[in-house]
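The numbers here are math on the coordinates, done by the rules we state, and not lab data. These figures come from a predicted structure and were not determined experimentally. Cβ: placed from backbone, ideal geometry, glycine included. Neighbour counts: every protein chain shown.
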Amino acid sequence: MVLRHAISMAVIGLAMATVGSSADAQTRKTGDAVNGRILSLRWCASCHSLGRRPSPKAVAPNFAWIKTHRSANQIRSFLFAPHGQMPRLDLSRRQINDAAAFIKSVDTDPKSGRSGEI
Ligand code: HEC
């Protein structure tokens with residue numbers, strides 16, 4: 001009985017570990033918006049508004065605009081090879097995924113009463 005209990009606990013533990021690791025793998029691929037926000041505040045906010053406000057650098061579109069006009073893939077491709085007036089920031093693949101996830105999570109609803117920054 002005790003052994004059976006131990007085995008079922010082990011099976012549950014294993015199942016949870018599997019779920020946990022596949023969730024991590026998923027986050028690695030789709031990015032982590034919370035991390036993306038932190039790095040955006042640090043690396044992007046001097047030029048881009050992270051929400052719906054006008055950007056500090058007028059030629060840099062705000063993140064709400066980018067969210068509605070670009071797919072996550074387009075954002076990631078751009079960040080791998082920035083061009084135009086956007087400087088190369090040498091972000092890692094993970095940082096790029098996180099930044100794209102954050103941009104895609106920006107609140108673009110003007111009725112929400114928030115500026116669009118999470
Ligand atoms: C020194 C200013 C500056 C910084 C810092 C900066 N950007 Fe930009 N970014 C720009 C400018 C200017 C453009 C417009 C490029 C153009 O079209 O010439 C741009 C364009 C973009 C675009 C493409 C928009 C489109 O039209 O598809 C994305 C995505 C983007 N930036 C994301 C970021 C992210 C994420 C960060 C931080 C990790 C960042 N940028 C940091 C200036 C900056």
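Tabulated data for the structure shown
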{"item": "S105-S77 FRET efficiency (beta carbon distance; Förster radius 22 Å; 0.05 resolution)", "result": "0.70"}
{"item": "Residue order, fewest to most surrounding Cβ atoms within 10 angstrom, among L50, L41", "result": "L41, L50"}
{"item": "Enclosed volume per residue, in Å³, of the convex hull spanned by Cα atoms of the stretch 61-109", "result": "68"}
{"item": "Ranking of H69, H48 by count of other Cβ atoms within 10 Å, fewest first", "result": "H69, H48"}
